[in-house]
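Engineer: What follows is a structure written as structure tokens; I'll ask about it next.
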Amino acid sequence: MSRQLAVMLALLAASGLAQAVTKCVSQSDVLYTSASCPAGYRHVTSTLQGHVQTVPNVAKTSRANEAYSRIRAQTAEQVRAQRERDDDWNLRTQNLFLNQCLILDYRLRATERAMSETEYWSRADRYREHADALRAQQYYLGCFG
């Protein structure tokens, strides 16, 4: 009985290892399946010999690689151009900020000079309030840093 059990286990294990491959052909396609051929396909499994290998179409692959290379080069050029525009925009923004800070500084110095040269207390108070407002704007914009 143990001999029969061993033979049955060996047959059971072998049936799981070897999966049948069915080759089916239609007018324009070849289909390899582990089931029966679908409608429109003809069963031609007897022509299979050895292992099934898939060989890529080299011409089709090289065309696809060339197309991919062109797209990648275009994308790289677009990214480079966008970075250039971003750098230019950042430079303009920094220049604008620095110019605003310089203008506030010049206005503050002129106000302080006018405040020290005026003969009237009422004007000096207005100049002092204006200078305080200019300093507050400088601090708000972050011109000191």
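The values are calculated or read from the model by the stated rules, or taken from the named source; none is laboratory data. Everything quoted here is computed from the prediction, not taken from an experiment. Methodologically, a virtual Cβ is constructed for each residue, glycine included, from the backbone with ideal geometry; neighbour enumeration extends over all protein chains shown.
Engineer: Report, by residue number, each residue of region 58-105 that is among the aliphatic types (A, V, I, L, M), farther than 26 Å from Y140 by Cβ and either in contact with a helix residue (DSSP H, G or I) (Cβ under 9 Å, 6 or more places away or on another chain) or surrounded by 10 or more Cβ atoms within 10 Å (Cβ to Cβ) (or both).
Structural biologist: A64, A67, I71, A73, A76, V79, A81, listed by residue number.
Engineer: Return the pairs, sorted by first residue and then second, in which the second residue is at pLDDT below 75, the first residue lies in region 27-52 and is in a loop (DSSP other than H, G, I, E, B), the beta carbons are less than 6 Å apart, and the residues are 6+ apart or on different chains.
Structural biologist: The qualifying pairs are S34/Q19.
Engineer: Part of a helix (DSSP H, G or I) and within 40 Å of the chain's Cα centre (by Cα), is that true of R107?
Structural biologist: No: the conditions fail for R107.
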